[in-house]
Amino acid sequence: AQSVTQPDIHITVSEGASLELRCNYSYGATPYLFWYVQSPGQGLQLLLKYFSGDTLVQGIKGFEAEFKRSQSSFNLRKPSVHWSDAAEYFCAVGPITGNQFYFGTGTSLTVIP
Amino acid sequence: KAGVTQTPRYLIKTRGQQVTLSCSPISGHRSVSWYQQTPGQGLQFLFEYFSETQRNKGNFPGRFSGRQFSNSRSEMNVSTLELGDSALYLCASSLSQVNTEAFFGQGTRLTVV
């Protein structure tokens with residue numbers, strides 16, 4: 001069965017510090033992987049996606065993620081966090097059937113000045 | 001071009017009532033998916049419509065239904081509302097059945113009292 005695990009429910013970092021959000025997936029085939037960000041009261045915005053090819057993908061807002069097949073991971077990174085990055089981050093795998101995506105439970109990021 | 005539009009943004013309903021939520025996808029997109037987001041369960045897939053046909057359905061009771069119109073706009077209906085239906089309902093649109101990027105609306109916040 002397909003599943004996505006985000007082991008960190010909440011992370012706090014200082015502004016300017018580096019960030020890594022973890023994501024592990026379970027999927028029987030080559031996955032399509034995504035990271036979305038959600039600000040309070042808002043919908044989800046796509047940060048980046050991995051379909052195939054280079055395992056290090058660049059996204060918007062200075063984010064990047066690395067696909068590691070051997071570890072079934074797709075961790076999100078940012079070298080220097082800004083206060084505006086405070087939000088909820090979701091890792092997703094899909095589409096599985098049609099355009100259905102499976103989402104992790106999210107990681108809430110707090111940025112302290 | 002305009003993004004995914006969901007109306008209304010907020011709703012308060014009483015137990016036992018029914019509710020209809022609307023989603024207008026990005027112009028040209030033919031696939032619309034619905035998700036329920038709650039603090040305890042995260043994002044859960046409700047159903048997907050493509051060219052007016054339901055292609056896929058998640059594990060929700062029959063009280064949850066939807067439809068898609070010829071202009072790709074979609075509605076979801078929840079009948080006999082329960083307190084547990086309180087959630088953020090998100091709509092996502094995709095260009096086609098092979099395009100794997102989903103664009104989300106801002107959601108409709110439903111509160112059942």
Going through B:64, B:69, B:103 one at a time, which residue ends up being within 8 Å of chain A (Cβ to nearest Cβ), at negative phi and either touching a strand residue (DSSP E or B) at 6+ places or on another chain (Cβ under 9 Å) or among the polar types (S, T, N, Q) (or both)? B:103
Within segment B:72-100, restricting to residues that are of a type in the set (S, T, N, Q) and closer than 14 Å to residue B:36 by Cβ, the one that is nearest to the other protein chains (Cβ to nearest Cβ) is B:86
Can you work out which of the residues in segment A:93-113 that are among the hydrophobic types (A, V, I, L, M, F, W, C) and at the interface with chain B (Cβ under 8 Å from one of its Cβ atoms) is surrounded by the fewest Cβ atoms within 10 Å (Cβ to Cβ)? A:103
Quick check on segment A:45-64. Is at least one of its residues within 15 Å of residue B:43 (Cβ to Cβ) and not aromatic (Phe, Trp, Tyr)? yes
Can you name the residue in segment A:66-91 that is in a strand (DSSP E or B) and closer than 26 Å to residue B:4 by Cα and, of all such residues, is farthest from the other protein chains (Cβ to nearest Cβ)? A:76
Among the residues of segment B:13-28, which ones are outside any strand (DSSP E or B) and either touching a Leu at 6+ places or on another chain (Cβ under 8 Å) or within 14 Å of another protein chain (Cβ to nearest Cβ) (or both)? B:14, B:15, B:16, B:17, B:18, B:25, B:26, B:28
From the list B:49, B:35, B:10, pick out the single residue that is within 13 Å of chain A (Cβ to nearest Cβ), under 19 Å from residue A:42 (Cβ atoms) and buried (at least 16 other Cβ atoms within 10 Å of the Cβ). B:35
Given the conditions (1) under 21 Å from residue A:102 (Cα atoms); (2) at pLDDT 95 or above, every one holds for residue B:83 apart from (1)
Within segment A:46-61, residues being modelled with pLDDT of 90 or more, surrounded by fewer than 15 Cβ atoms within 10 Å (Cβ to Cβ) and either in a helix (DSSP H, G or I) or at the interface with another protein chain (Cβ under 8 Å from one of its Cβ atoms) (or both) number 2
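The values are calculated or read from the model by the stated rules, or taken from the named source; none is laboratory data. Please read these numbers as outputs of a predicted model, since none were measured by experiment. Positions of Cβ are generated from backbone atoms using ideal geometry, with glycine treated the same way; all protein chains shown enter the neighbour counts.
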